[in-house]
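Novice: Have a look at the structure that comes next, please.
The values are calculated or read from the model by the stated rules, or taken from the named source; none is laboratory data. Everything numeric in this text was worked out from a predicted model, so none of it was measured. All Cβ positions, even for glycine, are placed from backbone atoms using ideal geometry, and neighbour counts span all protein chains on display. Surface areas here come from the heavy atoms of the whole protein model, side chains and all, with no ligands, DNA or RNA. Shrake-Rupley method; radii C 1.70, N 1.55, O 1.52, S 1.80 Å.
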Amino acid sequence: MKRRGRRAALYTALAAAAIVAPWLFPSYATQFAFLCLMVVFAVTWDMVGGQMGYNSFGNILFFGIGAYACAVVQRDSGFGYAPGFAVGVAVGACAGTLAAAVLGPGILALRGHYFAIGTLGLGVAAADIAAGWHYIGAGSGMTTPLFPGAIQDRAKFFYFLLLALAVVTFVTSRRLYQGRFGLVLNAIRDDEGKAEAMGLRTTGYKTMAWCVAAFFLSISGAVAGNLVGYIDPRDFAFAGSTYGVWMILMAIVGGRGTVWGPVIGAFVFHITQEVFWTYLLGWQRVAMGLFILVVVVYFPSGIVGSLRTRAPRPGGTEREVLPERAVVDPTRRQ
Amino acid sequence: MTALLDIRNVSKSFGGVVANKDVSLAVPAGGIVGVIGPNGSGKTTLFNSIVGYHPIGSGSIRFCGREISGLRVPEIARLGLIRTFQQTRIYRNMTAMRNMLISDRLRHDGLRAAFAKVPPQQATRAETLLDFVGLHERRDLLAGELSFGQQKLLELAMALMNQPTMLLLDEPTAGVNPTLINGLVDRLRQVNLEFGITLLIIEHNMRVIMELAQHIYCLAHGELLASGPPSLIQTDRRVVDAYLGAG
């Protein structure tokens with residue numbers, strides 16, 4: 001009871017801090033918005049890469065699809081800003097999820113390194129296609145419509161939108177991990193062959209997990225496209241070497257396969273990156289590289305994984321003899 | 001008597017190596033049948049053929065009267081034919097309890113079931129079965145932290161959680177210490193009698209298989225060498241020769 005009370009207090013404090021943040025530090029509002037975007041990146045990547053053990057290098061695909069689909073709707077629908085944006089986000093979410101559903105059964109049939117390489121190819125191919133397709137602006141990209149309100153409201157608007165998305169993404173994934181969905185994902189991570197031998201529909205679940213990740217990622221792409229205002233095929237929509245890699249790094253830094261790990265990883269990564277960028281300009285990439293190296297070498301299970309010190313659990317003593325007769329009521333079999 | 005599992009003239013070769021040649025075998029519903037044979041005689045290949053791990057060269061495998069030789073691994077498992085592995089396969093980074101929960105059979109495997117929470121009666125059943133194999137105190141340990149013998153017991157409990165019609169056990173006592181073996185034999189008999197699960201067991205431990213099985217098939221060089229009740233198999237000249245390497 002006491003623990004629950006303390007937890008409720010912590011959540012309330014976090015929520016309050018998140019709400020007042022853009023008023024306390026108005027010049028950082030856009031930064032905060034990006035931080036929320038990073039949380040969505042890390043949490044969605046971890047669903048497939050951490051909980052399910054499928055290291056995807058191509059999740060950026062869904063981000064880009066969401067960004068482009070939304071921008072196209074905004075350009076061609078003829079709606080005003082608000083309805084155009086709303087419909088755009090919805091269409092983007094559908095397009096991203098659909099892409100995962102179509103590609104999933106094929107790509108997710110690859111295992112281990114082959115899956116990693118295959119998804120890497122997806123991201124690269126998408127960037128090349130987008131850069132050559134005139135309907136979506138080809139190499140010169142697309143601009144999104146101008147936000148109609150005041151400039152300081154603009155940052156706040158996108159911040160709260162992305163904050164809401166990050167919270168919903170986190171809560172949904174946590175809820176999913178508590179049930180059968182989470183059990184299946186972990187089983188696939190630990191031994192997919194065994195899972196099949198036990199009759200689990202692994203392909204269906206793998207695709208479903210990728211679709212959930214794609215759903216939230218494509219929404220984030222749609223919103224982020226409007227936040228940035230300009231969609232470049234290689235440097236924004238399908239930016240595999242920045243966003244695409246950051247997703248993975250943030251999940252690893254925080255602790256892959258843990259509930260809070262990706263969130264904490266996103267905070268640590270984003271803040272570290274900004275600090276390096278501000279104080280070590282010119283050397284920021286070197287510093288970031290060193291930081292990642294230290295984490296991977298010394299904390300391979302991430303921040304949360306390392307903090308979870310292995311306290312001896314109850315029942316850890318050896319006992320290699322079965323009780324004389326099992327106490328079981330066979331009529332219990334349902 | 002109709003056989004629950006009916007294998008007729010199954011052959012399987014890998015390239016030029018003939019792993020199974022013309023093997024026929026029948027397991028009656030509710031029975032315990034043993035498969036023995038020297039190393040490399042094709043026992044595990046036969047198991048793999050039954051559960052759909054690889055396609056068979058020729059022959060037929062019928063389970064509950066239905067031809068299953070063309071089905072894939074998960075489909076066969078969902079029919080109620082579950083196997084355990086010689087090397088023991090459990091989900092190492094999940095607790096024993098979560099290993100059990102994920103092993104439950106799903107009748108309604110729709111979207112709703114996938115996103116639903118674990119129902120409490122399922123947890124109760126998992127605990128009962130963990131208790132049955134003597135792992136109840138260890139339910140919160142990671143499965144990978146259990147000793148090898150305990151992992152074997154966990155794998156058995158997971159298979160039971162699935163409520164199979166028939167269990168294929170690949171060397172259930174291999175690597176298990178002698179004290180534990182007695183308890184395990186006891187449990188397997190209980191599984192058969194009280195849970196009503198038909199068993200097909202590959203076993204190298206002669207004492208165990210002679211004690212458990214009502215009928216034994218002996219394989220050698222991929223072919224069926226002899227079959228019969230344990231008392232006959234024990235005295236069969238060909239079986240003794242195959243094991244001792246004569247002829």
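Novice: Which of the chymotrypsin sites (Phe, Trp or Tyr not before Pro) found in the range A:62-153 are loop residues per DSSP with 14 or fewer other Cβ atoms within 10 Å of their Cβ?
Specialist: Values: sites: A:F62, A:F63, A:Y68, A:F79, A:Y81, A:F85, A:Y114, A:F115, A:W133, A:Y135; in loops: A:F79, A:W133.
Hits after loop and neighbour filter: A:W133.
Novice: Right, something else. Distances longer than 37 Å among the Cα atoms of the range A:31-310: what percent of all pairs is that? Before the final figure, lay out each step's value.
Specialist: Values: 4337 of 39060 pairs.
Taking all Cα-Cα pairs of the range A:31-310, the fraction more than 37 Å apart is 11 percent.
Novice: Still on this structure, I have one more. Long-range amide H contacts for B:F195: which residues qualify at under 5 Å (H placed 1.01 Å from N, peptide plane, sequence gap of 5 or more or a different chain)?
Specialist: none
Novice: Computed FRET efficiency, Cβ-Cβ of B:R72 and B:L193, R0 51 Å: what is it to the nearest 0.05?
Specialist: Details: r = 32 Å, r/R0 = 0.63.
Taking R0 as 51 Å, the efficiency between B:R72 and B:L193 is 0.95.
Novice: Using alpha-carbon pairs under 8 Å, 6+ residues apart, how would you state the relative contact order of chain B in percent?
Specialist: Numbers: 448 pairs, mean separation 66.7, N = 247.
Relative CO of chain B lands at 27 percent.
Novice: Using only alpha carbon pairs under 8 Å that are at least six residues apart, calculate the relative contact order of the range A:31-310 and give it in whole percent. List each step's numbers first, then the result.
Specialist: Numbers: 464 pairs, mean separation 94.6, N = 280.
The normalised contact order for the range A:31-310 reaches 34 percent.
Novice: For the cross-link pairs A:K156/A:K206; A:K206/B:K43; A:K194/B:K12; A:K2/A:K156; A:K2/B:K117, which exceed 31 Å when the distance is taken from alpha carbon to alpha carbon?
Specialist: On the way: A:K156/A:K206 36 Å; A:K206/B:K43 33 Å; A:K194/B:K12 23 Å; A:K2/A:K156 35 Å; A:K2/B:K117 25 Å.
As for pairs spanning more than 31 Å Cα to Cα, those are A:K156/A:K206; A:K206/B:K43; A:K2/A:K156.
Novice: For the range B:77-215, what relative contact order do you get, as a whole percent, if you take Cα pairs closer than 8 Å and at least 6 residues apart? Walk me through the numbers before you get to the answer.
Specialist: Working: 178 pairs, mean separation 45.1, N = 139.
The value is 32 percent.
Novice: Count, for each residue of A:183-195, the Cβ atoms from other chains sitting within 10 Å of its Cβ, then give me the mean as a whole number.
Specialist: Values: counts 10, 3, 1, 6, 9, 2, 4, 11, 7, 0, 4, 11, 7.
Mean partner shielding for this stretch: 6.
Novice: Hey, quick one: spin label on B:H54, modelled 7 Å out along Cα-Cβ, who in the range B:181-223 has an amide N within reach, i.e. under 18 Å?
Specialist: Backbone N within reach: B:220-223.
Novice: Could you pull the accessible area for A:H134 with a 1.4 Å probe, rounded to 10 Å²?
Specialist: Accessible area of A:H134: about 150 Å².
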